[in-house]
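Shown next, in structure tokens, is the structure this report addresses.
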Amino acid sequence: MQADGMSFPLSEADMSLNPTWTKEDSLTYTVELDGRRVDLRYEASGFQSGWAVYAGDELVERCSELMQARGLALAIASKGP
């Protein structure tokens, strides 16, 4: 169980994909879809602070906005193995 137990689907339009978003804490989110997990972590580093998108241990990209990072995370999780 996650720290605060908050999980929610992305939107009703995406319900067929069944992504599960989990807020682990105020600076960490995950999305899981068909066994694939992508993490979003806020990384504070001065003017370069932003959301890092990780697929496993691999940094995929840094995004300045949370919604941009969420879109990228969902796209990554939606791709087949």
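The 3J(HN,Hα) values that the Karplus relation (6.51, -1.76, 1.60; θ = phi - 60°) gives for the stretch 18-24 are, in residue order, 6, x, 10, 9, 10, 9, 7 Hz. Gly and Pro appear as x.
Neighbours of C63, meaning other residues whose beta-carbon lies under 14 angstrom from its beta-carbon, give a summed charge of -1 when Lys and Arg score +1 and Asp and Glu score -1.
Could you order peptides 45-57, 67-79 by the average number of other Cβ atoms within 10 Å of their residues, highest first?
Working: 45-57: 12.8, 67-79: 16.8.
Highest mean packing first, the order is 67-79, 45-57.
Just so you know, all these numbers are worked out from the coordinates, no wet-lab data involved. Keep in mind the model is a prediction, meaning the values are calculated, not measured. Neighbour counts run over all protein chains shown; Cβ positions are idealised from the backbone, glycine included.
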